[in-house]
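Report on the following structure.
The values are calculated or read from the model by the stated rules, or taken from the named source; none is laboratory data. Given the structure is predicted, the values throughout are model-derived calculations rather than measurements. Cβ sites come from the backbone with ideal geometry, for glycine too, and all protein chains shown count toward neighbours.
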Amino acid sequence: MSVGEQDKEFSVFESMAARYDVAASKLGIDEGLSNYLRTPNREIIVHIPVSMDDNTLRVFDGYRVQHSIARGPCKGGLRYSPDVTLDEIRGLAAEMTWKCAVVNIPFGGAKGGIICDPSKLSQGELERITRRYTAEILDYIGPERDVPAPDMNTNEQTMAWIMDTYSMHTRHTVTGSVTGKPFSLGGSLGRREATGRGCMITADQALKRFRWNRESTRVIVQGFGNVGSQAARLMYEAGYKIIGVSDVSGGVFNTSGINIQHLVDYAGKHKTIAGFSGGESIGAQEILEQECDLLLPAATESVINSKNAHNVKAKLLVEGANSPTTPPADDILFDRGVFVIPDILANAGGVTVSYFEWVQDRQGYFWTEAMVNERLKQIMVNAFDGVVRFSENHKVNNRIAAYMLAIDRVAYCIKLRGIYA
Ligand code: NAD
């Protein structure tokens, strides 16, 4: 199946809502509160005029959805893609609320996106789009309101532009207005690796349960951007056997193991992994169905769905991407005994170190990388144990357990605050 034929059986919001409904009903949450928890607080749509390099004027559509502020300021990434939709951003914003609650950090959830194709835009055009978008949503963001971070096709440079635009308007430098910034502008050591590192920490916990060792655990990673490349590199360095990796233009497969350091160097030079000589070439979707022990989708949503879930051979699925598995695929994987570490747990390392970055910016005191990594590990291990314990106690799969744990925490805060009086 090609990338373009991915199953659209559930949109990102529908996937989130389907899981939410199951979890909320198992928790016995009453209808009014349940509707409130399911609905975003605010949805912002902006139309941004931008001068292009050829002197034409174009209008780009952008979104920021703030799902919940019950547990603290909103937190969530900003993505640039031609496929961005409001529905997708709405679903991802809600997932951020649940993710922050699963790892128990004091944030609510948000997400932003701009419909654009960064591969066809110059740096100057990207900068002007980013600055104008920031100016349009300025009243609704900030360290106490909503703190953006990088996501698909955005990076440290994008965050530096947002921080600068925000600071120009507030007339002083506000490093805590975004996370995932360059280190010299108030970024945190360890942030770049954090999502991939969190995936590895949760995978390590699963290995302990199965009594597997890293050296004989064969891993396939889909996506070689921030999350996929860092996860693959860290796991390779820790001794895992990485046998397959793909990006949007194709993949590489080698049952004897791929040298990830060489692959990182190749990708740095060629901006893709296609053409790498350290294995056979393979399609970006086909790679998901190859024989392996651990599958780590770290690219995009709905890549594991009712059409291919039966063919997934991995026994352990670590969801680096957001929403890579659709609800019908969840059922298929569960029936087949696949141990799933759901996205809101597996990829929560990024938002956790973003939280550390926000804390460091507010303190004006910066931690060592060892301290960041140690605190990240503590939080991820606790969250993993909490979710697995909840799943065993309530006889539900890990994903529903993670949702139940998160929804329960958010509902409790809402009740304490008296919003629901
Ligand atoms: P990125 O833009 O840096 O990288 C995305 C990678 O996926 C690229 O290698 C791209 O070529 C590849 N890709 C895209 N579509 C593909 C497809 N259909 N098949 C195969 N490969 C494909 O993005 P990222 O920041 O690494 O984010 C990846 C996923 O992880 C997204 O779902 C994102 O929401 C999620 N996520 C990211 C972070 C973070 O800290 N960056 C944190 C949590 C979750």
**Fill in**
Of the candidates Val252, Val221, Val245, Val264, the one satisfying the condition of being under 18 Å from Ala203 (Cβ atoms), without any contact (Cβ under 8 Å) to a residue 60 or more places away in the chain and not in a loop (DSSP other than H, G, I, E, B) is Val245
**Message:** List pairs: first residue in the range 161-182 and free of Cβ contacts under 8 Å to residues at least 24 places away in the same chain, second residue outside any loop (DSSP other than H, G, I, E, B) anywhere in the structure, Cβ distance under 6 angstrom, at least six positions apart or on different chains.
**Reply:** Met163/Ser177; Thr173/Ser167
**Asked** Taking into account only those residues within the range 102-135 that are touching a Pro at 6+ places or on another chain (Cβ under 8 Å) and under 20 Å from Asp61 (Cβ atoms), which is surrounded by the most Cβ atoms within 10 Å (Cβ to Cβ)?
**Response** Ala110
**Fill in**
Filtering the range 342-376 down to residues that are among the small types (Gly, Ala, Ser) and within 16 Å of the ligand (Cβ to nearest atom) yields Ala346, Ala348, Gly349, Gly350, Ser354
**Complete:** Pairing a residue in the range 340-363 that is over 19 Å from Thr325 (Cα atoms) with any residue that is crowded, with 24+ Cβ neighbours inside 10 Å and aromatic (Phe, Trp, Tyr), where Cβ atoms lie under 8 Å and the two sit 6 or more apart in sequence or on different chains, gives Val351/Phe107; Tyr355/Phe107
**Checklist (1) surrounded by fewer than 20 Cβ atoms within 10 Å (Cβ to Cβ); (2) closer than 15 Å to Gly225 by Cβ applied to Ala238, failing item** = (2)
**Asked** Which pairs have Cβ atoms under 6 Å, sit 6 or more apart or on different chains, and link a residue in the range 307-332 that is closer than 13 Å to Arg399 by Cβ and aliphatic (A, V, I, L, M) to one that is within 14 Å of the ligand (Cβ to nearest atom) and modelled with pLDDT of 95 or more?
**Response** Leu317/Leu295; Val318/Cys199; Val318/Leu296; Val318/Ile341; Val318/Ala346; Ala329/Ile304; Ala329/Asn305
**Prompt:** List, please: which pairs have Cβ atoms under 6 Å, are six or more places apart or on different chains, and start with a residue in the range 188-204 that is among the aliphatic types (A, V, I, L, M) and end with one that is surrounded by 24 or more Cβ atoms within 10 Å (Cβ to Cβ)?
**Reply:** Ala194/Gly349; Ala194/Gly350; Ala194/Val353; Met200/Met235; Ile201/Met380; Ala203/Val318
**Verdict on Pro73 being in contact with a Lys or Arg (Cβ under 6 Å, 6 or more places away or on another chain) and either closer than 22 Å to Asn226 by Cα or surrounded by fewer than 24 Cβ atoms within 10 Å (Cβ to Cβ) (or both)** = yes
**Request:** Tell me which residues, restricted to the range 380-419, are among the basic types (Lys, Arg) and closer than 11 Å to Ala23 by Cα.
**Result:** Arg399
**Verdict on Ser302 being touching a residue at least 24 places away in the same chain (Cβ under 8 Å) and over 19 Å from the mean Cα position of the chain (by Cα)** = no
